[in-house]
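All remarks here apply to the structure that follows.
We did not get these values from a lab; they are worked out from the coordinates using the rules stated. Bear in mind the structure is a predicted one, so any value in this text is a computation, not a measurement. All Cβ positions, glycine included, derive from the backbone under ideal geometry; neighbour counts span all protein chains shown.
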Amino acid sequence: MNLFRTFEDKLGVTIDQMASEGVLPDGLERDRIAVEPPRDPSHGDVSTNAALVLAKPAGMKPRDVAEPLAARLGELGEVLAAEIAGPGFINLRLTDRFWRDRLRELLKAGPVYGESPIGQGVRVNVEFVSANPTGPMHVGHGRGAVLGDALASLMKKAGFDVTREYYINDAGAQVEALADSVYFRYREALGDAPGEMPDGLYPGDYLVPLGAALAAEHGHGLTELDPAERRALLRSHAVDGMMALIRDDLTALGIAFDRFTSERGLVEAGAVDRACDFLDREGLAYEGVLEPPKGKTPDDWEPVPLYLFKASAFGDDVDRPLKKSDGAWTYLATDMAYHHDKFRRGFEVMIDVWGADHGGYVKRMQAAVRALTGGRGSLDVKLCQMVNLLRDGAPVKMSKRAGTFVTLREVIDQVGKDVVRFIMLTRKNDAHLDFDLVKVLEQSKDNPVFYVQYAHARCCSVLRHASETFGPRALTASALSGSDLGRLDGDGEIALIRTLAGWPRVVESAALAHEPHRVAYYLHDLASQFHGLWTKGNRDAELRFIVADDPVLTLARLALIKGVATVIASGLDVLGVTPLEEMR
């Protein structure tokens, strides 16, 4: 379906013919040949750098390769003109008939249009959210959640075998503080009047129900337990309660994970020991002393022997400790064990979605994955920048419920999951995002989610109106694919078909780049073109989609409408947004 891959194949056949005829040497390297849209649409429909790539190994000038190559490409039936630009780029202009055939192809394919086999079933693990189970998710978590979920859907559409995974950070100091916080709320529920909550605990009201539940179940019994036993019970109760809260928030956002993995469970199952044993066998871990921190050396710094990972051998700046001076595992050690576990489960391609504050951690984890997989595994980390939550331009104050931030659920409840999901993808993940609770609900062209959903709703409205004349059977995608598409000859109509025909390439390129925001950008551009045609029809009756005295033209334009609705629905499905049929 990707027309640019089709032209890659045609180009390859043409180069083979030129080689067999002695016009070009045989066996030229072609890996760097690109076939893609020109940067400037006025230059044509398809552009290739083939002449530039082939010239040097062929011992020829680029234009000496481009001229015979362009002449042969110009003889292809779907090519209107082949032009040489600059030092040797070849730009192809395609016939209107070619574009109409792409619309027919789209209609025959229906909802699967844009799906690609490019992923070849490669298993991919997308780990995202993985918020510490110490409270409800905030808006920043929501951005990572939407990014990860949309990326997983996108890669699945491109033919990858994708698993969505959540890593539960249920070990470490933050979980111990959570247990203490729940114990405070438990005693509060008993009426023990524990006083002000100590510093370092979690003050949000979301822990009050957990404390009350423990008081109802155990009475004063927990106060009489051995401290270690009590803490283990509190920790388990608290993590389970917080994960139930997080799962509920994720459900409200339309996200379902395939797997939840517990950090504590991995440690207790020996995963850290297993990973470190592997490093020992490969000579990638050793006992050593780190250099003092750069700059001013702290007064309390001592050169203590530590168990270190040879991270610097895999692109990191320095070697990294796997154990603390007290013998406890470092965060890096448990994170390495987790990624080693992913690899052992069959995932050579791993994608993690993290907050931007973890940027300094990326190189060491990528080094760890290379070391633990013998170079077979890859880790791409997508860092999400902050979300600035506003209300009509003014910063939103913190939530009472969370204590320190506005919860994601509060935002979903105010504006709906579709708005949250689409707006989170209107910027690349490494750019800051302003989320205005008022502006995201405006019904205007300046609101991207409204603009795209309105385009789909308008398509559905036209088709509903037309069904009164033609009947619903005549307006199925299959029936419309047989209409006289030759009647679509306006510049705006052909331009819209070109954009529709670009959807399969958008899916492939966005999936390979791990950038789902490209889908949101594409949908906005498509909606803009469609709304532009709608506006022209309002000004000129002959340009309307339904022309009362010309049923053949009307059916052709309805075929175009059906194509727009199909692609918008397909793109919104990738983003996890509902393609509305009516706007109210």
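Would you please report the Å³ per residue occupied by the convex hull of the alpha carbon atoms in the range 173-239? Walk me through the numbers on the way to the answer.
On the way: hull volume 5.4 nm³, N = 67.
Dividing the Cα hull volume of the range 173-239 by its residue count gives 80 Å³.
State, as an integer percentage, the relative contact order of the range 3-94 based on alpha-carbon contacts under 8 Å between residues 6 or more apart. Intermediate results must be reported in sequence, preceding the final value.
Values: 140 pairs, mean separation 23.3, N = 92.
Computed over the range 3-94, the figure is 25 percent.
Report, to one decimal in Å, the Kirkwood hydrodynamic radius for the range 118-174 based on all distinct Cα pairs. All intermediate terms of the calculation are to be shown ahead of the outcome.
On the way: mean 1/r = 0.0805 Å⁻¹.
With all distinct Cα pairs of the range 118-174 included, I get 12.4 Å.
Relative contact order of the range 205-334: what whole-number percent is it, with Cα pairs under 8 angstrom and at least 6 residues apart?
Numbers: 84 pairs, mean separation 17.1, N = 130.
Dividing the mean separation by the residue count of the range 205-334 yields 13 percent.
Send over the per residue convex hull volume for the range 494-584, Cα only, as a whole number of Å³.
102 Å³
Quote the Stokes-Einstein diffusion coefficient, in whole µm² s⁻¹, for the chain, based on the Kirkwood radius over alpha carbon pairs, a temperature of 4 °C and a viscosity of 1.567 mPa s. Don't skip to the answer; put the middle values down first.
Numbers: Rh = 27.8 Å.
In µm²/s, the coefficient is 47.
Quick one: if you stick a label point 7 Å off each Cα along the C-beta vector at Q414 and Q120, how many nm between them?
A separation of 4.8 nm, rounded to one decimal place.
For E36 and T535, FRET efficiency with R0 = 35 Å and r from the beta-carbon atoms, rounded to 0.05? Spell out each step's value before the answer.
Details: r = 30 Å, r/R0 = 0.87.
Step by step, r from the Cβ atoms, then E = 0.70.
In the chain, if the dipole is taken from +1 on Lys/Arg beta carbons and -1 on Asp/Glu beta carbons about the Cα centre, which of A474, A70, A501 is farthest to the positive end?
About the Cα centre, the residue reaching furthest to the positive side is A474.
List the GluC sites (Glu not before Pro) within the range 153-240 that DSSP assigns to loop and that have no more than 16 neighbouring Cβ atoms inside 10 Å. Intermediate values should be presented prior to the final figure.
Numbers: sites: E165, E176, E188, E196, E217, E224, E229; in loops: E196.
Answer in residue order: E196.
Give me the distance in nm between label points sitting 7 Å out from Cα along the Cα-to-Cβ direction at A548 and Q174, one decimal.
Taking the simple label geometry, A548 and Q174 are separated by 6.5 nm.
Which parts of the range 532-547 would a label at S461 reach, counting a residue when its backbone N lies under 16 Å from a point 7 Å out along Cα-to-Cβ?
Of the residues in the range 532-547, 532-539, 544-546 have backbone N under 16 Å from the label point off S461.
Out of all DSSP beta bridges with both ends in the chain, state the antiparallel percent to the nearest 5. Kindly include the intermediate steps, with their values, before the conclusion.
Values: 21 of 45 bridges.
Counting only bridges with both partners in the chain, antiparallel ones make up about 45 percent.
Given R₀ = 30 Å, FRET efficiency for A513-A256 by Cβ-Cβ distance, to 0.05? All intermediate terms of the calculation are to be shown ahead of the outcome.
Values: r = 25 Å, r/R0 = 0.83.
It comes to 0.75.
Ordered by packing density, taken as the mean number of other Cβ atoms within 10 Å over each peptide's residues, highest first, how do 250-256, 498-504 rank?
On the way: 250-256: 17.6, 498-504: 22.9.
My ranking of the peptides, most packed first, is 498-504, 250-256.
What is the projected area of the convex hull of the Cα atoms of the range 291-433, averaged over all directions, in nm²? Numbers along the way, then the final one.
Numbers: hull surface 52.0 nm².
Taking a quarter of the hull surface, the average projection is 13.0 nm².
Would you work out the charge dipole size for the range 342-419 about its Cα centre, treating the Cβ of every Lys and Arg as +1 and the Cβ of every Asp and Glu as -1, and quote it to the nearest 20 debye?
Numbers: 14 positive and 8 negative charges, 77 e Å.
I would put it at about 380 debye.
Could you pull out every residue, at least 5 positions away or on a different chain, whose amide H is within less than 5 Å of the one on L76? Hs are placed 1.01 Å off N in the peptide plane, and Pro or chain starts have none.
none
With r as the distance between the Cβ atoms of D26 and A495 and R0 = 41 Å, compute the FRET efficiency 1/(1 + (r/R0)^6) and round to 0.05.
E between A495 and D26, to the nearest 0.05, is 0.50.
Compare the peptides 126-132, 78-84 by average per-residue count of other Cβ atoms within 10 angstrom and give them in order, highest first. List each step's numbers first, then the result.
Values: 126-132: 24.1, 78-84: 17.1.
Put in order of decreasing packing, that is 126-132, 78-84.
Using just the helices of the chain, give the 222 nm mean residue ellipticity in deg cm²/dmol: DSSP H runs with n ≥ 4 each add -39,500 (n - 2.57), and the total is spread over all residues, rounded to 500.
On the way: 20 runs with 282 residues, N = 584.
One gets -15500 deg cm²/dmol as the mean residue ellipticity at 222 nm.
Given charges of +1 on the Cβ of Lys and Arg and -1 on the Cβ of Asp and Glu, with all other atoms neutral, how large is the dipole of the chain about its Cα centre, in debye to the nearest 20?
On the way: 68 positive and 84 negative charges, 254 e Å.
Using only the charged Cβ atoms, the result is roughly 1220 debye.
Over the chain, what is the relative contact order in whole percent, taking alpha-carbon pairs under 8 Å and six or more residues apart?
Details: 957 pairs, mean separation 95.0, N = 584.
Relative contact order comes out at 16 percent.
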